[in-house]
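Chemist: Quick one: structure below, then a few questions.
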Amino acid sequence: MTAPIRIDAGVPKFFAELPPRLERAILMLRQLEAEGVHFAPIRHHSPTCAQAVASLIAEAAPTTVLIEGPEEYTSLIGELARPETIPPVAILSTAGDSVAHNGFFPLAEFSPEWVALRAGVLANAKVAFIDESWSERKTDPSDDPQQQQLTRTIQAERYLAHSRVLHELARREHCRDHDELWDQLFELRDLVDFPASRTLLDEVFVWSALARLEYETPVLVSEGSITREARMAARIQEYREDAKGPIVVVTGAFHTLALVEALTMAAEGAIVREAVPSGGYQKPADGTGVAWLIRFDNARLDSLSGYGAGMPSPGYYGRVWTAPTGFDPTRDVLLDVAHAVRAANTTDVLGIADVTSAMTSATRLAELRGRPKIGRTDVLDAIRSSFTKGEADSSPALRDALQLVFVGNKLGQVPPDTAAPPVVAEARARAIQAKLTVSDSTTRSASLDLRRKPAHRSPSRYLSLMEFLGTGFATRVGGPDLISGRGLGRLFEDWSYAWTPLVEARLIELSSFGTTLNEIALARIIDVEQSLGQSANSRSASIAVNLLAQAATIGLSEHLPRLTSLVDDVLDADPSLASVVQAALRLLGLWNSKDELEFEDTGSLSQLLDHSVGSIAFLVPSLATTEEARDDEAAELIVELRSLMLRLSEQAGISAGPIERELERVRVDARTSPSVHGALVALAALDGKMEDSQLSDLLLSRLGAGADVERSVRFLVGFMRAAPDLLVRDPIVFTAIEDGVGGLTSDAFLSYLPDLRRAFSWLKPLETAALAERIAGGRAIELTMVRTDLSASDLQEGIALQRALSAELSSDGLAEWAGGDQ
């Protein structure tokens, strides 16, 4: 007769009696064992559970090993079992057209599923995955919306993490969370023989079953657990009918209760049995094209990094798993943390005395907490108390050292001929060719000098390509960027990069758009190119030039002639002056970088620059009718135009005469918008195109007595935006503006104060202070307190309040505090 369930420690310590349903389930477990079906309820990525699974397979000698996981993964068993496959690895499931529908099934060397499939293959057992196909899974409605843009884990354990029972147990045992409680009750055991392993698995079953009983059936139905369990139960039954010997079933412990009740025909299992279709299930789907074996890394495996399935700190538990029997890895962990801190070249120097102190602290903490050996939280607490001099989180070097040792940067390996979209192998090969490190998932930096080192150009094209495709591999952090137009005067391109599992996942997702990286990039460019004729941006020269720059930057040289022709066409059709100016600036950036980009047809670039001059000149008259709401935008555009004209002549030898002539016509046109007129006058003065007397007369006419105040203020705003330094260094400008503003009545001054503040905000603080003191003429209003984020109504309200306050202070004999009479 089969022995009753063995429980020597753990959950029963807190419950005098188990719920009747669990007592019946325990008897069902024994019944199934007698019939040759051995369940191994596990926690994902638990070394102790992995050890217990290995012991169970060795003891039961199964002919079949069944594992929770999408059933299409069975086609990958051969690849998983190859010696070249070295964890951490993952199976990536792709479904639908969004990354939110993709899922990872990660496997560490200490994952129970990994141990089960490897042990099963070595025992010549039939090994299969039995869970519902990933493409059939429901999207979890409880997921964080921000996570919907990320590939998710298939091994979620949120029910255990949110269990009220387990949180109560943790509280009673003075543990911070269910992870620490798990360590205390299960992970710190020595499984010296099979009975000890069977006992641990029995207690894990009770542990998870208690958490499951908290959830009502409708909840489990709505989020898909019941349909998954129906599939697993049906597959187990199918294998039972064909098996020639014992079966071992390895599943997340949360599902074991439902499977046991369904297979033994218990009343509570009816909900699972009834979810099986009347005609049963079809043959398991093949995983080709939807399931891919990829490298994985510890950072992604770590549950504390956002993939909330299984044990945290894979670097630490990897050490526990590989440690010889009876060996405590704590001292090695502490030494490695101390070494990593020292290697960071910081003031946080840790010596052997610190390590000894931490070791003593960890030992005493474990003893105080009644643990049979030192656990993960004991080590972390000891480090915080012995390795820190102030706040525990105040040392970046220690934080990084803990990340390195407790999480790690280990990147797994898969056989080189493993089926994968060609772009994955191509991307990796091109990275190696560019002398970029992709052997682990550590973030690294690269600084490239494209101008003086031609050998750096190919790596730059590759990094730009990977960034353009959104693979997550490369990020430009500094230097010239021809797409955004930033940093064009800098010499070095600065990049950060890291080859992570997410890079491979993204490449697999992109593989549906082409078989090579360049083909996929071209598909994206063509999409935008086609949209130019179908959207509101259909005539945007700026977008067209960005496409040209993008293609040149990533090395699609054979497509540059077509894109050059596209830009040429759009320059004639774009009605937006701002867009055409931006296009011309980008074209000038391409011209200046033509050698670094190895742009062969420089004549076409020169022609496009010439063409852009004519297009801009044609559109310049539109500035004259600028509305007040767009005053600042127009003034900034005029400043950009001046910069463009100077650079065209100096850098490309192209005359901007047509633009200059049109700007002059707008400047002398009496109908021109005041702000545009002010900006053009300022630039004409700055470039020495106006005599002093001419400038003085014009400023007095615009700002002096009798001038329309509203138009005067708009003129001043445009003038100051275009050339604020003239106010400080040109006495004529200073005097004219001082007289103009000083001549305003008090009411007019206060009425237009918001606009005046905006005009003077372009000055440097010290220049503003000096000017404000003279212009305010003793008024209590302080111009140096510049706030450009306030509306005119906000400022008017503030002025009214200030006047009321001044009146109150005056009535109390404190007028001096208010700055004088108002």
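Chemist: Express in Å², to the nearest 10, the accessible area of Asp378 obtained by rolling a 1.4 Å probe over the protein heavy atoms while all chains stay in place.
Modeler: Taking all protein chains as shown, Asp378 has close to 0 Å².
Chemist: Let me ask another. How big is the dipole moment of segment 20-298 about its Cα centre under a simple scheme where the beta carbon of each Lys and Arg is +1, that of each Asp and Glu is -1, and everything else is neutral? Debye, nearest 20, please.
Modeler: 320
Chemist: Same structure, new question: Quick one: 3J(HN,Hα) in Hz for segment 47-56, Karplus 6.51/-1.76/1.60 with θ = phi - 60°, rounded, Gly and Pro as x.
Modeler: x, 5, 5, 4, 5, 5, 5, 4, 5, 5
Chemist: What is segment 443-560 by shape, rounded, prolate or oblate, if you read a ≥ b ≥ c off the alpha carbon gyration tensor as root eigenvalues and call it rounded for a/c under 1.5, prolate for a/b larger than b/c, and oblate otherwise?
Modeler: Since a/c reaches 1.5 but b/c is at least a/b, the shape of segment 443-560 is classed as oblate.
Chemist: For segment 168-253, which trypsin sites (Lys or Arg not before Pro) pass both filters: DSSP loop (anything but H, G, I, E, B) and at most 13 other C-beta atoms within 10 Å?
Modeler: Counting only loop positions with at most 13 other Cβ atoms within 10 Å, the trypsin sites (Lys or Arg not before Pro) in segment 168-253 are Arg176, Lys244.
Chemist: Using a 1.4 Å probe, how large is the accessible area of Met466, given in Å² and rounded to the nearest 10?
Modeler: Roughly 0 Å² of Met466 is accessible to a 1.4 Å probe.
Chemist: In a shell of Cβ-Cβ distance under 13 Å around Pro324, excluding Pro324 itself, what net charge do Lys and Arg (+1) and Asp and Glu (-1) give?
Modeler: Taking every other residue near Pro324 into account, the sum is -2.
Chemist: Which whole-Hz couplings ³J(HN,Hα) result when phi for each residue of segment 439-455 is put into the Karplus expression 6.51 cos²θ - 1.76 cosθ + 1.60, θ = phi - 60°, listed in order with x for Gly and Pro?
Modeler: Result, rounded to whole Hz: 7, 9, 9, 5, 6, 10, 10, 9, 10, 10, 10, 6, 6, 9, 10, x, 5.
Chemist: Go through Leu18, Gly589, Ile732 and say which Cα lies farthest out towards the positive end of the charge dipole of the chain; charges sit on Cβ, +1 for Lys and Arg, -1 for Asp and Glu.
Modeler: Selected residue: Leu18.
Chemist: Could you run the Karplus curve 6.51 cos²θ - 1.76 cosθ + 1.60 with θ = phi - 60° over segment 559-569 and give me ³J(HN,Hα) per residue in whole Hz, x for Gly and Pro?
Modeler: Taking θ as phi minus 60°, the curve returns 9, 5, x, 5, 6, 4, 5, 4, 4, 4, 5 Hz for segment 559-569.
Chemist: Oh, and also: Report, in degrees rounded to the nearest 10, the 0 to 90 angle that the Cα long axis of helix 765-776 makes with the longest principal axis of the chain.
Modeler: 40
Chemist: Turning to a different aspect of this structure: Can you give the net charge of the other residues whose Cβ lies under 9 Å from the Cβ of Phe406, counting K and R as +1 and D and E as -1?
Modeler: 0
Chemist: Right, here's the next one. By accessible area of protein heavy atoms, probe 1.4 Å, what ranking do Lys126, Lys764 get, highest first?
Modeler: Largest to smallest exposure gives the sequence Lys764, Lys126.
Chemist: Need the list of aspartates and glutamates near Lys689 for cross-linking: C-alpha distance under 16 angstrom, and skip anything on the same chain fewer than eight residues off.
Modeler: Candidates past the 8-residue exclusion: Glu660, Glu662, Glu664, Asp697, Asp730.
Chemist: With Cβ to Cβ distances under 10 Å as the rule, what net charge do the other residues near Ser447 carry (K, R +1; D, E -1)?
Modeler: -3
Chemist: Among His339, Ala551, Ala505, whose Cα sits farthest toward the positive end of the charge dipole of the chain (+1 at Cβ of Lys/Arg, -1 at Cβ of Asp/Glu, about the Cα centre)?
Modeler: Ranked along the dipole, the leading option is His339.
Chemist: Under unit Cβ charges (Lys, Arg +1; Asp, Glu -1), what dipole magnitude, rounded to 20 debye, does the chain have relative to its Cα centre?
Modeler: 1820
Chemist: With the other protein chains left in place, how much accessible area per residue, in square angstrom, belongs to segment 20-298 at a 1.4 angstrom probe?
Modeler: For segment 20-298, the solvent-accessible area averages 37 Å² per residue.
Chemist: How fast does segment 323-407 diffuse by Stokes-Einstein, in µm²/s, taking the Kirkwood radius from C-alpha pairs at 10 °C and 1.306 mPa s?
Modeler: Value of D from the Cα-based Kirkwood radius: 122 µm²/s.
Chemist: Which one, Val613, Ser701, Thr516, projects farthest toward the positive side of the charge dipole computed for the chain from Cβ point charges (K/R +1, D/E -1)?
Modeler: Checking the options against the dipole of the chain, the answer is Thr516.
Chemist: I would also like to ask the following. Please give every one of the aspartates and glutamates within straight-line cross-link reach of Lys764, meaning a C-alpha to C-alpha distance under 12 Å, and leave out same-chain neighbours fewer than 8 residues apart.
Modeler: The reachable aspartates and glutamates, counting only those whose Cα sits under 12 Å from Lys764, are Asp725.
Chemist: Note the angle between two axes, namely the Cα long axis of helix 577-592 and the longest principal axis of the Cα atoms of the chain, as a number of degrees from 0 to 90, rounded to the nearest 10.
Modeler: That works out to roughly 70 degrees.
Chemist: How much accessible surface does Thr442 have with a 1.4 Å probe, in Å² rounded to 10?
Modeler: 40
Chemist: On to the next question. Rounded, prolate or oblate: which fits segment 20-298, taking a ≥ b ≥ c as square roots of the Cα gyration tensor eigenvalues, rounded meaning a/c under 1.5, else prolate when a/b beats b/c?
Modeler: Since a/c stays below 1.5, the shape of segment 20-298 is classed as rounded.
Chemist: Using R₀ = 25 Å, calculate the FRET efficiency as 1/(1 + (r/R₀)^6) where r is the Cβ-Cβ separation of Arg21 and Asp193; round to 0.05.
Modeler: 0.25
Chemist: Checking the table Lys373/Lys410; Lys244/Lys410; Lys283/Lys410 against a 32 Å threshold on Cα-Cα, which pairs fail?
Modeler: Flagged as over cut-off: Lys244/Lys410; Lys283/Lys410.
Chemist: Tilt of helix 731-742 relative to the longest C-alpha principal axis of the chain, in degrees (0 to 90, nearest 10)?
Modeler: For 731-742 against the chain, the angle is about 80 degrees.
The values are calculated or read from the model by the stated rules, or taken from the named source; none is laboratory data. All values derive from a computational prediction rather than experimental measurement. Note that we place each Cβ from the backbone using ideal geometry, even for glycine, and neighbour counts take in every protein chain shown. What goes into the accessible areas is simple: the full protein's heavy atoms, side chains included, and nothing from ligands, DNA or RNA. Shrake-Rupley method; radii C 1.70, N 1.55, O 1.52, S 1.80 Å.
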